[in-house]
Amino acid sequence: MNGYVLNIGRYMFVFNIKDVILSALVSLMLTWVIMSFIRLRRMIKALPAMTAKLFEARDVIERCHKLFPIEVIEYRGTTFKRGMWVKITLSNNKTFIGSFVGVNTQNMVCVITQKNIIAQELRAIEDLVPAEQA
């Protein structure tokens with residue numbers, strides 16, 4: 001007999017090397033398909049949470065626009081408009097680069113960066129310049 005013999009109870013199976021390699025390849029492909037299906041299901045389950053975060057960020061930005069309704073400010077001779085990229089340096093020497101949102105009636109400036117929303121009083125700002133000049 002050429003190949004491997006497997007006895008299961010009263011049955012006897014004979015496998016050659018081709019059968020062993022073929023069964024290993026089929027099991028590998030089946031494992032890959034199952035793992036891909038599991039990953040796809042996880043991504044589909046996570047989709048509502050990701051879209052909720054996106055809508056939440058939009059809501060926060062809309063609220064910032066409502067809280068800081070003045071779109072144009074002149075600071076040390078430079079005019080800043082909503083949507084401009086600015087570099088803001090605070091009195092504690094922290095520097096942020098972001099999008100200018102606006103000013104409110106209490107002389108607070110709002111800037112949205114990639115990770116933060118900065119709302120600071122004008123008197124606490126050391127420097128406010130357009131990001132191109134930074």
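The values are calculated or read from the model by the stated rules, or taken from the named source; none is laboratory data. Since this is a predicted model, take the numbers as computed values, not measurements. In this analysis, Cβ positions are derived from the backbone assuming ideal geometry, glycine residues included, and neighbour counts consider all displayed protein chains. Each accessible area value is taken on the protein alone, full model and side chains, heavy atoms only, with ligands, DNA and RNA left out. Shrake-Rupley method; radii C 1.70, N 1.55, O 1.52, S 1.80 Å.
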Would you mind calculating the relative contact order of segment 72-114 from Cα pairs under 8 angstrom and at least 6 residues apart, reporting the percent as a whole number?
31 percent
Could you please state how large a percent of the accessible area of the chain is carbon and sulfur, counting protein chains only and using a 1.4 Å probe?
61 percent
Which pairs in the list LYS66/LYS94; LYS66/LYS115; LYS87/LYS115 are over 23 Å apart, alpha-carbon to alpha-carbon?
LYS66/LYS94
In whole percent, what relative contact order does the chain give with Cα contacts below 8 Å and a gap of six or more residues?
16 percent
Counting other C-beta atoms within 10 Å, and keeping those with at most 10, which DSSP coil trypsin sites (Lys or Arg not before Pro) do you find in segment 73-132?
ARG76, LYS115
What do you get for Rg/Rh of segment 46-91 when both radii come from the Cα atoms and Rh is the Kirkwood radius?
1.16
With every protein chain kept in place and ligands, DNA and RNA left out, what is the accessible area per residue of the chain? Probe 1.4 Å, answer in Å².
78 Å²
I need the Debye-formula profile for segment 1-122: one equal scatterer per C-alpha, no solvent, reported as log10 I(q)/I(0) at q = 0.10, 0.21 1/Å, two decimals.
-0.55, -1.14
